[in-house]
Amino acid sequence: MRRLVLFLAAVPVAMLANGIRITALILVGHYVGVREAGGLVHDVSGYVLYAIALGALFLVRRWLTPRAQRSQPPIAIPVPVR
C-alpha cells in the first residue's frame with residue numbers, strides 16, 4: 001500500500017514542481033526579459049526543480065514509513081560460508 005501511495009504522490013508532486021517552474025519562468029520573462037527566461041534560467045530551473053521534487057518524494061516516503069522502522073538499524077542477513 002505504501003508503494004502505491006508513493007507512486008500516486010509522484011503525479012501531484014511533479015505537477016506542483018512544474019507549476020512553480022512555469023510561474024518562475026513567466027516572472028523572469030516579464031521582469032527581466034523573455035530572452036533571459038528562455039536561456040540558462042530555463043535549463044537550470046529544470047534541474048533545480050527536479051531535485052526539489054525528488055526531495056519531496058523522499059519526504060513522502062519518510063512520512064509513509066512507520067517510526068518504529070525508521071529508528072531500527074538494518075537487519076544483517078547471515079550468509080552461509082562454503
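Values in this text are rule-based calculations from the coordinates and carry no lab data. Everything numeric in this text was worked out from a predicted model, so none of it was measured. Cβ: placed from backbone, ideal geometry, glycine included. Neighbour counts: every protein chain shown.
Of the helices (runs of 4 or more DSSP H) lying entirely inside the chain, those containing at least 3 residues that are within 22 Å of the chain's Cα centre (by Cα) and of a type in the set (A, V, I, L, M, F, W, C) are 2-31, 40-64. Residues in region 17-40 that are surrounded by fewer than 16 Cβ atoms within 10 Å (Cβ to Cβ), closer than 16 Å to Ile52 by Cα and of a type in the set (A, V, I, L, M, F, W, C): Ile20, Ile22.
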